[in-house]
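The values are calculated or read from the model by the stated rules, or taken from the named source; none is laboratory data. Since this is a predicted model, take the numbers as computed values, not measurements. Don't worry about glycine lacking a Cβ; one is built from the backbone with ideal geometry, like all the others, and counts go over all protein chains shown. What goes into the accessible areas is simple: the full protein's heavy atoms, side chains included, and nothing from ligands, DNA or RNA. Shrake-Rupley method; radii C 1.70, N 1.55, O 1.52, S 1.80 Å.
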Amino acid sequence: MATDDVYQEFIIELYKNPLNFGKIDNADYRAEIYNATCGDMIEIYLKVQGGAVIEAKFMGKGCAISQASASLFMGYLKGKTLDDIRKIRKEEALALLKIDLSKNPTRMKCALLPLDALRKALKS
Ligand code: FES
């Protein structure tokens, strides 16, 4: 897969108009994480009620892949229990993007930034 193949239209659209973007005041879980390769940052916020995620948002800056991944991943977290989100595997997070990044480790790191942020938030 050529590098440019990962920039599918829906990814560019999410980059321009991200979903679940913003800050949650009084979030129950929050973490920011940097991609050491490029210095880009994502900050995530979770609001939990009755053991389940009722709101999930992100802020930050990064490439199209990281922003699209965060948009989709925040939506994926909503409604899930804390137990469920603790068990999310990287394959699950990558599948949300519907593109094959297996031969593109740099872009895979971008795509996994939201999951890394989630793991950090759950430890906080
Ligand atoms: Fe920085 Fe993708 S290049 S997060």
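Among 44-55, 71-82, how do they line up from the highest to the lowest mean number of other beta-carbon atoms within 10 Å?
Values: 44-55: 16.6, 71-82: 18.1.
Ranking the peptides 44-55, 71-82 by packing returns 71-82, 44-55.
Suppose all protein chains stay in the model; what accessible area per residue would a 1.4 Å probe give for the chain, in Å²? Before the final figure, lay out the partial values.
Details: 6600 Å² over 124 residues.
Counting only protein heavy atoms, the per-residue value for the chain is 53 Å².
Magnitude of the Cβ-charge dipole of the chain, K/R +1 and D/E -1, about the Cα centre, nearest 20 debye? Don't skip to the end; give the middle numbers.
Numbers: 19 positive and 16 negative charges, 69 e Å.
In debye, rounded to 20, the chain gives about 340.
Would you please classify the overall shape of the chain from the alpha carbon gyration tensor, given that a ≥ b ≥ c denote the square roots of the eigenvalues, rounded means a/c under 1.5, and beyond that prolate means a/b larger than b/c while oblate covers the rest?
Working: a/c = 1.76, a/b = 1.65, b/c = 1.06.
Here the chain falls in the prolate category.
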Lysine pairs within the chain, Cα separation less than 14 Å, 8 or more sequence positions apart or different chains: 12
Percent RCO, i.e. relative contact order, over segment 63-124, from Cα pairs under 8 Å lying at least 6 residues apart: 49 percent
For segment 46-51, Karplus couplings with θ = phi - 60° (6.51, -1.76, 1.60), whole Hz, Gly/Pro x: 10, 10, 10, 9, x, x
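Would you work out what percent of the accessible area of the chain, with all protein chains in place, is carbon or sulfur (probe 1.4 Å)? Write down the numbers at each step before the final one.
Details: 3320 of 6600 Å².
On the chain, the fraction of accessible area on carbon and sulfur atoms equals 50 percent.
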Protection-proxy order for peptides 14-27, 96-109, each taking the mean of Cβ atoms within 10 Å per residue, highest first: 96-109, 14-27
Cβ-based charge dipole, the chain, positive-most Cα from MET59, ILE44, PHE73: ILE44
